[in-house]
Amino acid sequence: MTLAIINGSPRGQQSNSKILTEHFLTGYRSQNTLRNVEIAYLKGKDQFQESLKVFSQSEQVIIIFPLYTDCMPAMVKEFFEHLPPNTGEKKKDLGFIVQSGFPEAIHSVYVERYLKKFTQRLGYNYLGTVIKGGVEGIQVMPASMTRKLFANFRSMGEYFALNGSFSETIKAKLQGPLRMSKAQQVGFKIAGLTGLPNFYWNNNLKKHGAYQRRNDKPFAAE
Amino acid sequence: MQITILNGDPNPGENDLARFTSFIPEATGANNEIRYFPLADMQIKHCTGCWTCWWKTPGLCIWKDDADAIFEAVINSDLVVFASPVTAGFTSSLLKRIQDRLIVLIHPYIELVQGECHHRKRYDSYPDFALLLNTTPEEETDAEDIEIITDIYKRLAINFHCKLRHVWITDTQKQKEIPHDISYH
């Protein structure tokens with residue numbers, strides 16, 4: 001059995017998808033040292049072709065990508081357009097990890113439905129889709145804020161190494177509730193008065209000397 | 001009113017999608033200003049998620065390609081038509097490429113919309129959306145695919161502070177229904 005993880009982030013090597021993949025692999029390798037895992041990136045001209053090759057040569061493939069405009073990024077869609085339908089007797093396993101900046105899962109369940117249908121369209125075996133929100137900013141968060149997230153990805157990797165599939169329990173933990181509770185919404189509104197939810201954006205706007213221009217409308221008609 | 005048509009057909013030519021998009025200007029009357037963008041003939045790079053448009057040059061993309069003309073047309077339109085063949089169960093990657101770049105038109109700040117986190121407006125007003133789909137290129141395409149695509153564009157519309165008003169299917173829809181729909185817009 002060969003496993004491949006294809007990273008569909010347009011940020012490539014700098015992506016949050018890569019960080020999550022590394023934690024998944026740490027867990028995976030702690031349980032399975034024999035099986036080689038191929039890692040491929042869609043970003044870059046040659047990498048796209050390489051990813052297609054890796055896809056066709058692997059019996060299990062996990063595609064990880066960030067949510068872009070409520071769906072997969074254009075380069076992931078382009079990759080999908082090039083994937084061959086199942087022809088072999090044994091069906092390839094295909095699973096997905098969708099991560100996004102939005103805290104709630106509701107944003108990603110629509111593309112999840114697409115991914116399931118797409119896998120069936122090609123005649124592959126659908127392993128499911130792991131959804132994780134609140135991922136934007138993990139590269140600058142203090143370790144205390146990402147500890148649980150990374151631990152869950154390591155556990156998922158361990159489970160996958162032992163079972164060849166995603167754990168439904170860990171999947172549910174990572175996904176969290178579809179929407180914020182009423183109490184959380186009130187909390188969010190109060191936090192909004194202090195500017196806390198936009199701290200990450202303001203911090204970066206200021207760092208780049210662009211805070212005063214943050215509301216610019218360069219394409220508005222005169 | 002102003003209508004922007006984004007034609008995401010990678011193989012434009014004599015087909016249903018071309019027929020329908022070419023029909024929109026002549027059928028909707030002289031009062032409408034149509035901006036037509038054949039994406040296959042344009043230079044549109046992938047969004048790289050660099051956030052330049054959100055925190056370095058607010059509202060402006062790092063790429064200087066043909067997308068600027070589209071941003072200007074889209075934000076000043078009343079209706080944007082996303083036109084595409086359905087391939088691999090979704091709109092084309094060519095169309096998705098400009099769609100990903102449209103985040104330049106919204107603000108990074110998050111606010112609650114219908115109890116969910118969504119991005120705040122950058123501009124005062126936003127165009128509504130329409131989908132024009134050609135389902136004939138792949139015979140596997142079925143009604144559920146159209147439902148999935150429609151639902152995802154409805155989600156996109158929430159982030160763009162607008163509504164998905166129309167879903168037109170070229171092989172079942174009569175061309176004359178389009179101007180009728182638009183005139184009731």
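The values are calculated or read from the model by the stated rules, or taken from the named source; none is laboratory data. In this text, all values refer to a predicted model and were calculated from it rather than measured experimentally. Note: ideal-geometry Cβ built from the backbone for every residue, glycine included; neighbour counts use all protein chains shown. With ligands, DNA and RNA removed, areas are computed over all heavy atoms of the protein, side chains included. Shrake-Rupley method; radii C 1.70, N 1.55, O 1.52, S 1.80 Å.
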> What whole-number value in Å² describes the accessible area per residue of the protein assembly as shown for a 1.4 Å probe?
Replying inline: 44 Å²
> Which whole number gives the average count of other chain Cβ atoms within 10 Å of the Cβ atoms across peptide A:201-209?
Replying inline: 4
> Considering chain A as a Gaussian network with a 10 Å cut-off on Cα pairs, which listed residue, A:Asn163, A:Asn125, A:Asn198, attains the greatest mean-square fluctuation?
Replying inline: A:Asn198
>> Using only protein heavy atoms and a 1.4 Å probe, how much accessible area in total is buried between B and A, to the nearest 100 Å²?
In response: 4900 Å²
> In peptide A:163-172, how many Cβ atoms from other protein chains are near each Cβ within 10 Å, on average?
Replying inline: 0
> Residue farthest toward the positive end of the dipole of the protein assembly as shown, with Cβ of Lys/Arg at +1 and Asp/Glu at -1: which of B:Ile70, A:Gln57, A:Phe188?
Replying inline: A:Phe188
> Using a simple spin-label model with points 7 Å from Cα along the Cα→Cβ vector, what separation in nm is obtained for B:Ala143 and A:Asp46?
Replying inline: 4.9 nm
> Under a GNM of chain B (C-alpha, springs under 10 Å), which listed residue has the highest mean-square fluctuation: B:Thr87, B:Thr57, B:Thr150?
Replying inline: B:Thr57
> How high is the FRET efficiency between A:Asn36 and A:Ala172 when r is their beta carbon distance and R₀ equals 22 Å, given to the nearest 0.05?
Replying inline: 0.15
> Based on the Cβ-Cβ distance from A:Gln184 to A:His208, what FRET efficiency comes out when R0 is 30 Å, to the nearest 0.05?
Replying inline: 0.45
> Looking at the protein assembly as shown, what % of its DSSP beta bridges pair antiparallel, to the nearest 5?
Replying inline: 15 percent
> Quick one: if the Förster radius is 25 Å, what FRET efficiency do B:Thr136 and A:Glu59 give, using the C-beta to C-beta distance and rounding to 0.05?
Replying inline: 0.15
>> Between A:Thr26 and A:Asn86, what is 0.36 nm times their sequence separation minus the Cα-Cα distance? Round to one decimal in nm.
In response: 18.6 nm
> GluC sites (Glu not before Pro) within segment A:1-107: which are DSSP loop residues with at most 15 other Cβ atoms inside 10 Å?
Replying inline: A:Glu59, A:Glu89
>> Can you say what percent of the DSSP beta bridges in segment A:1-150, counting only those with both residues inside, are antiparallel? Round to 5.
In response: 5 percent
> Over the Cα atoms of segment B:23-75, Rg to Rh with Kirkwood Rh, two decimal places?
Replying inline: 1.10
> So which helices of chain B fit the span-like rule, where a helix is a whole DSSP H run, its Cα atoms reach 15 Å or more along the axis, and its mean Kyte-Doolittle is at least -0.5?
Replying inline: B:16-28, B:143-159
> For chain A, which semi-axes, largest first and in whole Å, follow from the square roots of 5 times the eigenvalues of its Cα gyration tensor?
Replying inline: 33, 21, 17
> How much net charge surrounds B:Ser77 when only other residues with a Cβ under 11 Å from its Cβ are counted (Lys, Arg +1; Asp, Glu -1)?
Replying inline: -3
> Across peptide B:106-115, how many C-beta atoms of other chains are within 10 Å of each residue C-beta, on average?
Replying inline: 6
>> With +1 assigned to the C-beta of every Lys and Arg and -1 to the C-beta of every Asp and Glu, and no other charges, what is the dipole magnitude of chain A about the Cα centre in debye, to the nearest 20?
In response: 540 debye
>> Can you tell me which of A:Thr69, A:Thr194, A:Thr21 moves the most in a GNM of chain A? Springs connect C-alpha atoms under 10 Å apart.
In response: A:Thr194
> In debye to the nearest 20, how big a dipole does segment B:2-183 give about its Cα centre with +1 on each Lys and Arg Cβ and -1 on each Asp and Glu Cβ?
Replying inline: 880 debye
> What does the charge dipole of the protein assembly as shown about its Cα centre add up to, to the nearest 20 debye, if the Cβ of each Lys and Arg holds +1 and the Cβ of each Asp and Glu holds -1?
Replying inline: 1960 debye
> Where a Cα-Cα gap under 29 Å defines reach, which lysines qualify for A:Lys148, not counting those fewer than 8 residues away within the same chain?
Replying inline: A:Lys18, A:Lys43, A:Lys116, A:Lys132, A:Lys171, A:Lys173, A:Lys182, A:Lys189, A:Lys207
> For segment B:2-183, what % of the accessible area comes from carbon and sulfur atoms, probe 1.4 Å?
Replying inline: 48 percent
> Given DSSP loops and a limit of at most 11 other Cβ atoms within 10 Å, what is the longest stretch of chain B that contains no such trypsin sites (Lys or Arg not before Pro)?
Replying inline: B:65-173
> Using a 1.4 Å probe on the protein chains only, how many percent of the accessible area of chain A belongs to carbon and sulfur?
Replying inline: 52 percent
>> Can you tell me what share of the DSSP beta bridges in segment B:2-183 is antiparallel? A percent to the nearest 5 is fine.
In response: 20 percent
> Which semi-axis lengths, in whole Å and largest first, follow from the square roots of five times the eigenvalues of the Cα gyration tensor of the protein assembly as shown?
Replying inline: 34, 28, 18
